[in-house]
Amino acid sequence: MAIATLLVAGCSQNEITEVRTVGNPAVGFDVYTGVATRGTDVSTTTMQGTCDETHYGGFGIMGYYTGSKNWDEAKGTVTPSFMFNQKVTYDTNANEWTYSPTKYWPNNTTDKVSFFAYAPYESNVSGGRVGIVTSPIDDTGIPSIDFTLKEATKIDEMVDLVVAEELNKTAQDEAIQFNFRHTLSKINFKAKLGADYSGLDGTSSFIYITHMWIIGQKGGSLSFDQTNKLTNENSKFYTKATWKDLHWDYENATIAEGDYSIEKIMKMEEKEITEIWADGTEKSIKGIILKKGNKETPVDLFKKDQYLYLIPINDNAEEVAADGAGGCTSGDIQIGFHYDIVSKTADSSNDNPKYAVSHLETAVSLPANHMKRGKFYTYTFTISLKEIKVSAAKVNDWGSVTGNFDVN
C-alpha cells in the first residue's frame with residue numbers, strides 16, 4: 001500500500017524539503033518502565049492510562065533527524081524538527097501506542113533518527129498541568145526540561161518525572177522501545193516507638209503525630225512554637241530545577257524559602273480527637289496514633305500509594321554517584337515533625353473523650369549521601385519520648401526492595 005512519507009534532505013538536516021509516496025514503514029513506539037495516575041509512580045500501566053487534565057497517562061517525544069551522522073557527531077547542530085513534543089498515548093482497543101500525525105522513516109534506510117522521551121506528557125507550554133516545560137523547538141542538543149514541584153496544596157498530585165532516549169535509529173528498527181527511568185528521589189515515612197510502652201493502650205493514652213513538613217530556608221510558619229521557629233538556612237529543598245544533559249542542573253533552580261506542608265498525604269485517623277491545651281482551650285485535631293505494639297510494627301505515615309517525589313541534590317553527572325558518595329549532606333533537607341503525648345482526662349466520657357496533651361516538636365535531618373536520582377528511601381521515625389536521633393541503613397535502587405532508615 002502506498003503511503004505518504006517524509007523525505008528529509010537539502011542543505012540543512014532540520015528541513016523537510018519534499019514529500020514522496022513510497023512504501024516506507026511508519027515510526028512506531030513501545031514502552032517499558034520498571035518505574036500516571038496522579039501522585040503515584042509512573043509505570044507502564046499508568047502510562048497506558050488516560051491523558052487529560054486530571055490523569056497523567058501518555059508520554060512526549062522529541063525526534064532529531066541526523067542523516068548519515070551519529071547523534072554524538074550531529075547533536076550540536078540538529079533540532080527536534082522530526083518530532084517536537086509529540087504526544088503518544090495508548091489505544092486500548094488496538095493494544096498499541098499511537099500518535100498523530102504519523103511520521104515515517106527517511107527514504108535512505110541507513111539515515112538515523114534519535115529520540116528523547118519523557119512522561120507524564122505536558123501540552124501546556126507554561127507547565128501548568130504537571131510542572132514540565134520542555135526546551136523550545138529551535139534548541140540544539142539533548143532537550144532539557146524545566147521542572148517545578150506541585151505546591152503543597154496539591155502534594156497528592158506530585159509528579160514522578162521519567163525519561164528515556166533511543167539514539168541512532170533507522171528504518172530497520174521500525175518500532176522504538178523506550179526504557180524509562182526515574183529522575184527524582186522518592187521518599188516514604190514510617191514511625192515506631194523506641195520501647196514497648198505498656199501505658200500507651202491506644203485509647204486512654206497514645207502518641208499522636210499531627211504535623212509534618214519540609215522546613216524552608218526562612219521557614220517557621222508551620223512551627224507550633226512560634227517563639228522558637230524551625231528554619232533551615234542551608235536548605236537544598238529545590239522546588240524548581242532543570243533536567244539537562246541527562247542529569248539535574250541548578251543554575252536557575254529555586255530553593256523554598258517557606259515551609260512546605262506534607263500533611264495532605266499523611267494517613268490521618270478518620271475521626272478527630274479533642275485535645276485540651278495548656279491554656280484550657282479545646283482543639284479538635286486529626287493525627288496518626290502510635291501505641292503499644294508499634295515498637296516492632298511501624299506505622300505508615302503516608303496514605304496508600306502516596307510518596308514525596310523530590311528533586312535530587314548534587315546530581316551533577318549522567319552517572320549517579322556510588323553509595324556513600326554524592327547526594328545531600330546532612331541537613332540539606334530537614335523535616336519538621338510534631339507529635340503529642342495524649343492522655344484521656346478523668347472526667348471524659350466514652351461518648352466524648354477529651355485528652356490532656358503535651359506537645360513535642362523537632363527538626364530531623366535526612367542522612368548524608370541520600371537524595372539521589374532514581375532512589376527510593378524509606379525513613380522510620382523512632383519516638384522514644386525523649387529525643388529523635390537518626391541512623392541510616394542501606395538504600396536500594398528504585399523498583400527493588402526499599403531501604404529502611406531509622407530516625408530515633
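Figures for the structure shown
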{"quantity": "From the options GLY49, GLY76, residue that is over 22 Å from the mean Cα position of the chain (by Cα) and part of a loop (DSSP other than H, G, I, E, B)", "calculated": "GLY76"}
{"quantity": "Meets criteria (in a strand (DSSP E or B), of a type outside the set (Ser, Thr, Tyr) and either under 30 Å from PHE381 (Cβ atoms) or assigned by the TED database to the domain that holds MET371 (or both)) for LYS186", "calculated": "yes"}
{"quantity": "Residue check, TYR250 in contact with a Phe, Trp or Tyr (Cβ under 9 Å, 6 or more places away or on another chain), assigned by the TED database to the domain that holds PRO367 and surrounded by 20 or more Cβ atoms within 10 Å (Cβ to Cβ)", "calculated": "no"}
{"quantity": "ASP139 within 19 Å of HIS247 (Cα to Cα), touching a His at 6+ places or on another chain (Cβ under 9 Å) and not in a strand (DSSP E or B)", "calculated": "no"}
{"quantity": "Checklist (1) within 18 Å of the chain's Cα centre (by Cα); (2) assigned to a strand (DSSP E or B); (3) closer than 14 Å to ILE335 by Cα applied to ILE209, failing item", "calculated": "(1)"}
{"quantity": "The range 242-254 residues that are within 13 Å of SER135 (Cβ to Cβ), paired with ones that are of a type in the set (Asp, Glu) and surrounded by fewer than 16 Cβ atoms within 10 Å (Cβ to Cβ) (beta carbon under 8 Å, 6 or more apart)", "calculated": "THR242/ASP249; THR242/GLU251; TRP243/ASP249; ASP245/GLU318"}
{"quantity": "Pairs where the first residue, in the range 175-192, is surrounded by 23 or more Cβ atoms within 10 Å (Cβ to Cβ) and the second is charged (D, E, K, R) and not in a loop (DSSP other than H, G, I, E, B), C-beta under 6 Å, 6+ apart", "calculated": "SER185/LYS375"}
{"quantity": "Selection count where residues are farther than 21 Å from LEU308 by Cβ and buried (at least 17 other Cβ atoms within 10 Å of the Cβ), scope the range 320-342", "calculated": "3"}
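One line per residue, one yes/no per condition, for (1) surrounded by 15 or more Cβ atoms within 10 Å (Cβ to Cβ); (2) over 23 Å from THR46 (Cα atoms); (3) touching a Phe, Trp or Tyr at 6+ places or on another chain (Cβ under 6 Å):
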{"residue": "PHE116", "(1), (2), (3)": "yes, no, no"}
{"residue": "GLU122", "(1), (2), (3)": "yes, no, no"}
{"residue": "ARG129", "(1), (2), (3)": "yes, no, no"}
{"residue": "PRO136", "(1), (2), (3)": "no, yes, no"}
{"residue": "LEU149", "(1), (2), (3)": "yes, no, no"}
{"residue": "MET158", "(1), (2), (3)": "yes, no, yes"}
{"residue": "VAL163", "(1), (2), (3)": "yes, no, yes"}
{"residue": "THR170", "(1), (2), (3)": "no, yes, no"}
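The values are calculated or read from the model by the stated rules, or taken from the named source; none is laboratory data. Because the structure is predicted, anything quoted here is derived from the model rather than measured. Virtual Cβ from ideal backbone geometry, glycine too; neighbours counted across all protein chains shown.
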